[in-house]
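The structure under discussion appears below in the form of structure tokens.
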Amino acid sequence: MNTQRLPEVPPLIDRMVTGLREFLAARGREEFVTIGIHTGGAWVAQELHRALAPPEPLGTLNIAFYRDDFSRIGVHPSVTPSNLPFEVEDRHVVLVDDVLHTGRTIRAALNEIFDYGRPASIALAVLVERSGRELPIQPDVAGCSLDLAATEHVKLSGPEPLRLELRSGPG
């Protein structure tokens, strides 16, 4: 597979906006907060936040300390703190990430969110849902789904412009 076969990001964002509006309206969740997972998820969340225009500012999570492989990979020297400028207790949360692969990043993000409080609900929105799940985590809204080999990895580059890239390497 080459980058020519990967979809463009703007139509995926549009699909996510439409999907989120429908998902949230069907469940009566017109009032919600948006949290993007650093880095790519935060870029996607900025676009969704701009289009959906919720009253609360955008929150960001840096899940580096919550990863289950933290002891193996260590801390990155430029780890920035999470920023949740709102309460999550009893709130409807839209959690946004760029690529859902194994599910481990989302698990770490959920752990961190619950350290801030107990949300009423969490909806998961991802730009790309790809094959290779290791944990039972599924998106509520996805821009697209890709079936990739274990040695293929999708990466979102950005922030201007946002673009999907396909990389090959060890699985």
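Any read-out appearing in this document is the output of simple, stated calculations on the displayed coordinates, not a laboratory observation. Computed from a prediction, not measured in an experiment: that's the story for all the values here.
If you take all C-alpha pairs in the range 3-168, what percent of them are over 24 Å apart? Present the calculation step by step, with values, prior to reporting the outcome.
Numbers: 4251 of 13695 pairs.
Result: 31 percent of Cα pairs exceed 24 Å.
Whole-Hz ³J(HN,Hα) for each residue in the range 154-162, computed from phi via Karplus 6.51 cos²θ - 1.76 cosθ + 1.60 with θ = phi - 60°, x for glycine and proline: what do you get?
The phi angles translate into 9, 10, 8, 9, x, x, 10, x, 6 Hz.
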